[in-house]
Structures are given as C-alpha cells and as structure tokens.
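Right, one structure below, let's go through it.
Here, each number is a calculation from the coordinates, and none is a lab measurement. From a predicted model like this one, the values you see are computed outputs, not experimental measurements. Cβ sites come from the backbone with ideal geometry, for glycine too, and all protein chains shown count toward neighbours.
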Amino acid sequence: MTQDELKAMVARAALDHVPHGEVVGVGTGSTVNKFIDELGCIKDRIVGVVSSSDASTARLKALGISVFDCNEVGEIAVYIDGADEIDGQGHMIKGGGAALTREKIVAAQSRRFVCIADESKRVDKLGKFPLPVEVIPMAAQRIARQFAALGGQAALRAKDGQPVITDNGQHLLDVRGLSIDDPLAFESAVNQWPGVVTVGVFAHQKARVCLLGRPDGVRTLTFG
Ligand code: 5RP
C-alpha cells in the first residue's frame, strides 16, 4: 500500500468522527486534502467548517462547503488535521505545510483534536522532522541563535530563492537537530521568545485521538 493510499484510508475513517449538525475544524496538508474531498460528500450533514489555511479554504469552498471565521463560532466540536510527527502521548510536530499558527488557533478552539496520519508519522520522540517555527522576520536571526544554543540548526524556509511567506505574512524557520524530551516544557519555553509567533510543537493542543494508517488497516490510538 502506498503512503497516498494510507492517507486516503485515514481520511475516510475520519468521517466517523464528524458529528452531524456541527461546525468542524479542518487542518491543512495532503492528508487533510483527502479528508476535505470526503467531507464534500457529507456536506449537508454539517453546519460548516472553520479552516486553518487559505489553501484549505479554497478547496473547501470549491466543494460548496460553508467556511466560517473563528470569531463567528463558539467552541468547535472536533478539529481534524494531519501531523509531521506524533508521539505516544499525542504530542505532535506540525507546520510542514506552513499553516501551524492557524492550526494551533483552531485546535485551541476545539473540544477534540483528531489526528489523521500514515504510520510513518508515529515516532517515539519528537525532533527528527525539522521543527517549523513561524517568526516575525526581524527576529529570525536572533531566534536562530537561540536554537543554536539548544543544539539546533535553524534555516529560513525558502522557495525559488525567496523566503516563504505564511498566510499571516510572516517567515518560517525549520530547525534540525533538536531532541525534544519534554514537549510541554519545550513549547512553553520557545513561546516566550520575543518574535516567535508559533512553535510547531503541539503539546498543549495535543491530539486526543490518532487514526493511524497501516497496511493492515486503520489503527485508532487514544491519548488521555
Ligand atoms: C501543515 C501541517 C500538516 O498537517 C503536516 O505537514 C502533515 O502534512 P501531510 O498530511 O501533507 O503529510 O502541519 O502545516
């Protein structure tokens, strides 16, 4: 089974976690794109969605799904999103698709985070995937030095020789070489650094459920 097929399988399985008559939080990425396509088939059963990126919003709207702003809705029943890494407690690294800030905002407004991922994302310890950090551009070099002091090598995310600009108009650092022993403490600490918009560790907004795609089927992991 290909990685793409595993993603399609968990995207389909996620429909069982979509409550009828509610607003659903929708993440970003290739796995979520498959979930959005599935959601299009049951769009009449939900009130609409809150989206975590311009890319997801465009795809949702193209399918005729109503997209609300976070400020237009109260608590969101469920947030469904992918991950770059997920550990045995439901802590994640996210932001490979540059949408980490809005993803964390929608996750914080949601009762339950359901992570959809293929089995390659399951790790014992976070940190092998380069950690995405959204930063205010004028602070990028200082923040990179702060990561260097922790043993990390930070690089500005760029495309075609230009810095990638997030949906919020900011830059991204990708930090290699970190070993994140205590995700909660790490997230809290980096959040305090001036100029950090969002760090891609999702420990305070961790997954409650992970639908993990494996060749023998979808395994449901639950976290306390
Ligand atoms: C986007 C994300 C994605 O959830 C993460 O990068 C996983 O993406 P994919 O489903 O394409 O593997 O955090 O910012």
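The calculated FRET efficiency for Q192 paired with Q89, based on their beta-carbon distance and R0 = 25 Å, is about 0.65. Calculated FRET efficiency, T220 to A149, Cβ-Cβ distance, R0 = 45 Å: about 0.70 to the nearest 0.05. Can you check what the net charge comes to around D167, using other residues whose Cβ is under 11 Å from the Cβ of D167 (Lys, Arg +1; Asp, Glu -1)? Overall, the nearby charge balance is -2.
You can think of it this way: the chain between N168 and D182 has 2.2 nm of extra reach, that is 0.36 nm per residue less the Cα-Cα gap. For the residue pairs K159/K206; K43/K159; K7/K206; K43/K125, alpha carbon separations beyond 27 Å are given by K159/K206; K43/K159; K43/K125. Dividing the summed helix terms, -39500 (n - 2.57) for each DSSP H run of n ≥ 4, by the number of residues in the chain produces a 222 nm estimate of -8000 deg cm²/dmol to the nearest 500.
Largest GNM mean-square fluctuation across Q162, Q153, Q141, computed for the chain with C-alpha springs under 10 Å, falls on Q162. Taking 7 Å steps out from each Cα toward its Cβ at L63 and Q141 produces label points 4.5 nm apart. For the stretch 6-112, what does the alpha-carbon gyration tensor say about shape, rounded, prolate or oblate, given a ≥ b ≥ c as the root eigenvalues, a/c under 1.5 as rounded, and a/b over b/c as prolate? Taking the square roots of the gyration eigenvalues as a ≥ b ≥ c, the stretch 6-112 is rounded. Relative to one another, the C-alpha centroids of the stretch 101-172 and the stretch 38-81 are positioned 23 Å apart.
Overall, the chain carries a charge dipole of about 220 debye about its Cα centre when +1 sits on the Cβ of Lys and Arg and -1 on the Cβ of Asp and Glu, all other atoms neutral.
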